[in-house]
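Since every read-out is calculated from the coordinates, none of them should be taken as a lab result. Nothing here was measured: the structure is a model prediction, and the numbers come from that model. Using ideal geometry, Cβ is built from the backbone for each residue, glycine included, and neighbour counts are taken over all protein chains shown.
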């Protein structure tokens, strides 16, 4: 029996009649994100070029609108995070890579990563500084910002790329403009730690240690499927496998913004599978967004067999008597475990059978004594588990086995 599983939930639930899907998170105890203006006078966030207020942004200069948009995005994330330590965001604008066909809009990242600090949830694991501060309850790097964020000042000015920044706060950029707040929200997520520090070119871990983001990465149908247990080469392959690499876990949820094209309409969501919850399942939507949150139901999902589960969910426009159906897919893969084997004394014999195995499968480890020596037994945590040179067992957790010789 498979005792533990990884769940990868893939949703294709965007409804043509209800609008565009947008990821959100549950609101919990707030955190404070403070913007540190790193631009020089007259540049970037201090650009004095006059600008007309737009989309709820009341700034009257380009720099003021940029700062207002920055703080708006920071407050959005702050309302959805929990930390007693202020999260400082070092912000700036500079001319970045740009051409007539593509442009680097911006980038953000944690300033530093920490491991094995007081409050760390998993030993030997890198945490982005903002999360590490929240877990430890103190500022582990008070001399530096927690996030560095830089955006392209050439957009709409010296850049030949056909687009300009839109600094409105309403998520409704005119044609030909790039919504700055949307880009900010995405990049700040990276700065808060939604990224791995694995070298994606080589697949190697940072100084040989896991990071907290990669603990929830899985490449479904691969063996091993979990990112930490893969070899460097397997991590490179997983990172380039289109559609197969997912960030998973029982607490993963998806919130979708639903809206009417005009006026208002009543909706209901039906045919939701037992392994998924949706809330609210019915109501009235207008042109203002209404969020419906989908979550995995772990009690039901745990009873599913390994494989792919597909369910067609109905989005019902009950006002106009229209139905749009979209598929939700839950992929259940067996959790993989590591079997480590060693000989004691190491010079008295050899051992085989270690490696990574799917939960619920069998593994056989074999001990072979060297000339002049005999095998005694296999032990786990000092307890004898077998007196046979070949020991077969069902893998259901990480195991360290020692073959004793004399």
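Can you match Rg/Rh (Cα atoms, Kirkwood Rh) to one of these, (i) 1.50; (ii) 1.13; (iii) 1.06, based on a calculation from the structure here?
Among (i) 1.50; (ii) 1.13; (iii) 1.06, the one derived from this structure is (iii).
Using only alpha-carbon positions, what ratio does the radius of gyration of the range 254-333 give when scaled by 2.2 N^0.38 Å?
With N residues counted in the range 254-333, Rg over 2.2 N^0.38 Å equals 1.21.
Please give the contour-minus-distance gain from residue 314 to residue 262: 0.36 nm per residue of separation, less the Cα-Cα distance, rounded to one decimal in nm.
Result: 16.6 nm gained on full extension.
Where both partners of a DSSP beta bridge lie in the chain, what percent of those bridges are antiparallel, to the nearest 5?
Here the antiparallel bridges make up roughly 75 percent for the chain.
Tell me the relative contact order for the chain as a rounded percent, counting alpha carbon contacts under 8 Å between residues six or more apart.
Normalised by residue count, the contact order of the chain is 16 percent.
For the chain, modelled as a Gaussian network with Cα springs under 10 Å, which listed residue fluctuates most, 166, 391, 267?
391
Report the extension gain between residue 271 and residue 368 in nm, rounded to one decimal, defined as 0.36 nm multiplied by the number of residues separating them, less their alpha carbon distance.
Full-extension gain reported as 29.2 nm.
Scaled to the compact-protein estimate 2.2 N^0.38 Å, what is the alpha-carbon radius of gyration of the range 280-405, rounded to two decimal places?
In units of the 2.2 N^0.38 Å rule of thumb, it is 1.89.
Would you calculate the separation in nanometres between label points at residue 80 and residue 190, each defined as 7 Å from the Cα along the Cα-to-beta-carbon direction?
1.7 nm
Relative to the first principal axis of the alpha-carbon coordinates of the chain, what is the inclination of helix 62-78, with its axis defined by its Cα atoms, in degrees from 0 to 90 and to the nearest 10?
Value to nearest ten degrees: 40.
Do the sum for the chain: with -39,500 (n - 2.57) for every DSSP H run of n ≥ 4, divided by all residues, what is the mean residue ellipticity at 222 nm, to the nearest 500 deg cm²/dmol?
Helices in the chain give a 222 nm mean residue ellipticity of -3500 deg cm²/dmol.
How big is D, in µm² s⁻¹, for the range 25-192 by Stokes-Einstein at 4 °C and 1.567 mPa s if Rh is the Kirkwood radius over C-alpha pairs?
For the chosen part, D equals 77 µm²/s.
Using only Cα atoms, locate the centre of the range 332-406 and the centre of the range 135-185, then give the distance between them in Å, rounded to an integer.
If you average the Cα positions of each part, the centres end up 53 Å apart.
Among 58-64, 189-195, 233-239, how do they line up from the highest to the lowest mean number of other beta-carbon atoms within 10 Å?
With the highest mean Cβ count within 10 Å placed first, the list reads 189-195, 233-239, 58-64.
Please state, as a whole number in µm²/s, the translational diffusion coefficient that the Stokes-Einstein equation yields for the range 363-406 at 4 °C and 1.567 mPa s, with Rh defined as the Kirkwood radius across alpha carbon pairs.
So the translational diffusion coefficient is about 119 µm²/s.
With the chain treated as a Gaussian network of Cα nodes joined by springs under 10 Å, which of 196, 287, 86 yields the largest mean-square fluctuation?
287
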